[in-house]
1. Being on the phi < 0 side of the Ramachandran plot and modelled with pLDDT under 80, is that true of even one residue in the stretch 47-57?
2. Please count how many residues of the stretch 14-28 are part of a loop (DSSP other than H, G, I, E, B) and either modelled with pLDDT under 70 or among the aromatic types (Phe, Trp, Tyr) (or both).
3. Would you check which residues across the stretch 36-57 are in contact (Cβ under 8 Å) with a residue 40 or more places away in the chain, in a loop (DSSP other than H, G, I, E, B) and polar (S, T, N, Q) and list them?
Amino acid sequence: MAATPVGRVAAADADEAGTASVKYLLDGHTDVFEIDEDSGVIITSARLDREDNSQYQVIVIAPKFPSSNDLCVEIVELVLHRTAVV
């Protein structure tokens, strides 16, 4: 299902004493994931099918900082079965 939250990243700039805003970008799999550049919330932007790909390696970049963070999203399929009451 698209628009499903799958994670959140957070960073702080110690030099700015919490007053600086950090912006986030995704590196890779931008066809199936989006990130809110302000909050760091990562959501799906397409329907994911575990049979097509069971894991995605997503790299989150905060351009103000020299490093990045890896996030592994594992797709778990949940199947609900209805039972008939007779």
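The values are calculated or read from the model by the stated rules, or taken from the named source; none is laboratory data. As the structure is a prediction and not an experimental result, all values here were calculated from the model. Using ideal geometry, Cβ is built from the backbone for each residue, glycine included, and neighbour counts are taken over all protein chains shown.
1. yes
2. Adding up the residues that qualify gives 5.
3. Residue satisfying the conditions is 45 alone.
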